[in-house]
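What follows is a short report on a single structure.
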Amino acid sequence: MTLLARYAAVLVFATATVLVLALALFLRAHGYTAAGELDLWGRTLLVNAGVMPFEVAATAFPPLPQIAAVGANWLVPDLGPPVLSIVVAMLAAWLVTSWFVMLRNAKFGIVVSLAATTLLAFNPLFLRAASEGSGFVLLNLGIWLLALGLFNLRQFYRVNDMMLVSVALVVLSFSHPFGAVVAVVSIPFLALSVPPDLLEKSPSGVYLVLLFPLVFAILSFIFVNWILTGDALHFLARSETSTAFMSDRNGVVFPSNMLIVAAVAATGFFGVAPIAIFMGVRTWTLRPLLLAIGGLFATLVSAIVYAALLGVVPPLALAIGPAVVIAAACAVHWPRSHDGQRAIILWLAVGLFGGTAILIGDTSLQTRQWRSAAFGRETAPIDQEQVLLAGILAGRKGVLLDAQAAPALIAMRGSADGLLSPDAFPFRMSALRREMNWPIVVVRSKMSPHGSDRVGRAFPELFDDGAPGYRKIFDGSTWRAYQAIGGNRS
């Protein structure tokens with residue numbers, strides 16, 4: 001047992017990595033790939049092939065998943081798309097291992113710690129988030145750091161806990177649009193966990209310390225945008241940067257009434273983290289713990305409401321998913337006793353069933369497809385049109401395509417080789433002369449959700465009327481491809 005206890009954390013990390021990676025490969029084998037991962041892999045291929053300019057990649061939002069994807073592909077260029085799954089698996093395993101280590105540090109037995117960690121890791125909402133890509137795993141990691149900081153800050157008055165909260169806000173803000181909403185919404189609730197005497201002496205000083213890293217990171221990102229593009233808010237203008245991270249419009253995610261949204265979010269929170277309710281009851285006289293629970297609950301529910309208003313709320317299962325991480329923080333800080341250990345296992349098991357109910361009740365298209373693939377059924381791609389177009393373009397050379405407008409298409413194509421970019425000088429000159437001299441031209445409809453791409457804006461009649469000397473080789477509602485008459489497949 002001593003040897004097992006000594007290497008338990010390593011075994012937990014290795015096991016979690018293998019299981020999350022196996023889940024990702026199983027889902028991929030049955031046709032499910034997260035939209036965000038397709039988008040990231042496409043951008044990664046474009047950056048490493050030199051098709052996408054460096055400044056476009058450097059100013060992409062959210063930057064953390066993009067940096068992780070480009071870096072992993074640069075280190076292991078021959079591995080292909082599975083490299084992203086490996087990165088996600090290791091991040092998720094790191095989070096799971098930290099739960100186990102923190103439970104052990106809280107003096108819980110190894111059996112109880114392993115059981116609690118297993119119940120958390122196998123909660124369907126955590127599995128859903130872990131298979132959705134690095135953005136959601138980093139978001140959950142940010143929630144975990146925030147929860148630890150809020151639980152400890154008022155109890156111990158430590159500078160390290162203030163730094164933990166600060167780092168959490170940065171990770172949340174730069175991991176996912178929904179995470180950015182969580183970070184902003186959490187700011188007023190931070191006061192609940194700050195020691196009262198510090199707030200009385202210098203409330204502005206406290207918030208300056210907590211928010212300085214976030215403000216510095218935001219200003220640095222704005223400065224990078226300004227230096228590389230000449231526009232400090234360039235990342236906001238590029239609305240397609242985070243298209244794959246936005247709400248799933250193909251299914252009912254949340255009702256339009258915000259009071260109902262808040263009620264759904266609150267019910268979902270306590271369904272997944274019932275341990276928070278009973279910890280609050282048990283620690284009614286321990287105000288630091290009670291206020292931390294209240295602050296985390298209010299932060300997540302408010303973030304879901306505001307994200308729904310802004311249109312960046314993810315599907316229900318992903319939006320409620322961070323409650324699993326908050327449940328882990330509650331377990332770590334549960335008052336220590338023999339009865340407490342049994343209670344932790346009980347309420348985490350109830351939360352697992354609650355997470356299952358939410359996953360089943362999520363009617364969004366993405367989650368329905370995830371469920372189908374998870375049960376071993378073949379799943380059709382969400383964007384069948386892009387899949388068909390990618391198959392036609394695969395292996396062809398001299399393809400003029402605004403790849404920045406469709407990075408997922410590049411991921412489906414499997415390579416950025418043979419693509420011509422609208423950023424190139426010859427394209428700009430040809431657009432001015434209204435001449436086309438490329439083997440294949442791909443254009444997006446102006447009636448699509450994002451309107452015309454740069455090819456369509458340069459040649460407004462191309463999508464509807466084609467061009468002299470070209471024949472249509474792909475006809476979709478959003479995309480069309482034209483090939484020069486007499487052009488050969490390379």
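The values are calculated or read from the model by the stated rules, or taken from the named source; none is laboratory data. Worth saying up front: this structure is predicted, and the values here are computed from it rather than measured. Positions of Cβ are generated from backbone atoms using ideal geometry, with glycine treated the same way; all protein chains shown enter the neighbour counts. Areas reflect the complete protein model, heavy atoms only, side chains present, ligands, DNA and RNA absent. Shrake-Rupley method; radii C 1.70, N 1.55, O 1.52, S 1.80 Å.
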(Q) So, Leu103, is that one aliphatic (A, V, I, L, M) and in contact (Cβ under 8 Å) with a residue 40 or more places away in the chain or not? (A) yes
Within the stretch 387-407, residues being assigned to a helix (DSSP H, G or I) and more than 22 Å from the chain's Cα centre (by Cα) number 7
task = Would you check if there is a residue in the stretch 127-144 being open to solvent by 40 Å² or more (accessible area, probe 1.4 Å), more than 23 Å from Phe61 (Cβ to Cβ), outside any helix (DSSP H, G or I) and assigned by TED's automatic domain parsing to the domain that holds Ala24?
result = no
Within the stretch 452-472, the residues that are at positive phi and exposed (fewer than 14 other Cβ atoms within 10 Å of the Cβ) are Gly469
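Per-residue answers, yes or no, for (1) more than 30 Å from Leu419 (Cα to Cα); (2) modelled with pLDDT of 90 or more; (3) assigned to a helix (DSSP H, G or I); (4) touching a Lys or Arg at 6+ places or on another chain (Cβ under 8 Å):
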{"residue": "Ala319", "(1), (2), (3), (4)": "yes, yes, yes, no"}
{"residue": "Cys330", "(1), (2), (3), (4)": "yes, yes, yes, no"}
{"residue": "Arg342", "(1), (2), (3), (4)": "yes, no, yes, no"}
{"residue": "Ile345", "(1), (2), (3), (4)": "yes, yes, yes, no"}
{"residue": "Leu348", "(1), (2), (3), (4)": "yes, yes, yes, no"}
{"residue": "Gly355", "(1), (2), (3), (4)": "yes, yes, yes, no"}
{"residue": "Ile360", "(1), (2), (3), (4)": "yes, yes, yes, yes"}
{"residue": "Ile382", "(1), (2), (3), (4)": "no, no, no, no"}
Among the residues of the stretch 409-442, the number that are open to solvent by 60 Å² or more (accessible area, probe 1.4 Å), within 23 Å of Gly36 (Cα to Cα) and modelled with pLDDT under 85 is 0
Within the stretch 185-218, the count of residues that are hydroxyl-bearing (Ser, Thr, Tyr) and outside any helix (DSSP H, G or I) comes to 2
All conditions in (1) over 27 Å from Ile326 (Cβ atoms); (2) touching a Leu at 6+ places or on another chain (Cβ under 9 Å); (3) in a loop (DSSP other than H, G, I, E, B) are true of Ala60 except (2)
Of the listed residues (Leu38, Leu103, Leu95), the one being outside the structural domain of Ala349 (by TED's automatic domain parsing), assigned to a helix (DSSP H, G or I) and either buried (at least 18 other Cβ atoms within 10 Å of the Cβ) or at pLDDT below 90 (or both) is Leu38
The lone condition Lys201 fails out of (1) open to solvent by less than 40 Å² (accessible area, probe 1.4 Å); (2) modelled with pLDDT under 85; (3) not aliphatic (A, V, I, L, M) is (1)
* What do you reckon, is Leu114 open to solvent by less than 10 Å² (accessible area, probe 1.4 Å), in the same structural domain as Ala357 (by TED's automatic domain parsing), assigned to a helix (DSSP H, G or I) and aliphatic (A, V, I, L, M)? -> no
With the first residue restricted to the stretch 116-134 and required to be at positive phi, and the second required to be of a type outside the set (D, E, K, R) and outside any loop (DSSP other than H, G, I, E, B), Cβ contacts under 8 Å at 6 or more apart or on different chains are Gly133/Gly36; Gly133/Leu40; Gly133/Pro65; Gly133/Leu84; Gly133/Val88
Leu286 fails exactly one of (1) within 24 Å of Ala29 (Cα to Cα); (2) out of contact with any helix residue (DSSP H, G or I) (no Cβ under 8 Å at 6 or more places or on another chain), namely (1)
Taking the stretch 41-81 and keeping only residues that are over 24 Å from Val399 (Cβ atoms) and open to solvent by less than 10 Å² (accessible area, probe 1.4 Å), one is left with Thr59, Pro62, Pro65
Checked the stretch 117-126 for anything open to solvent by less than 40 Å² (accessible area, probe 1.4 Å) and either of a type in the set (Phe, Trp, Tyr) or at pLDDT below 95 (or both); matches are Phe126
The residue from Val70, Val96, Val87, Val112 that alone is of a type in the set (Val, Ile, Thr), under 30 Å from Ala343 (Cβ atoms) and within 18 Å of the chain's Cα centre (by Cα) is Val96
* When you look at Leu148, is it under 16 Å from Leu64 (Cβ atoms), open to solvent by less than 50 Å² (accessible area, probe 1.4 Å) and modelled with pLDDT of 80 or more, yes or no? -> no
Among residues of the stretch 280-295 being of a type in the set (A, V, I, L, M, F, W, C), in contact with a Leu (Cβ under 7 Å, 6 or more places away or on another chain) and assigned to a helix (DSSP H, G or I), the residue least open to solvent (accessible area, probe 1.4 Å) is Ala292
Here the residues within the stretch 204-235 that are farther than 29 Å from Val313 by Cβ and open to solvent by 70 Å² or more (accessible area, probe 1.4 Å) are Ser204, Leu208, Val209, Phe223, Trp226, Ile227
If we scan the stretch 42-52, do we find a residue that is under 22 Å from the mean Cα position of the chain (by Cα) and in the same structural domain as Ile218 (by TED's automatic domain parsing)?
-> no
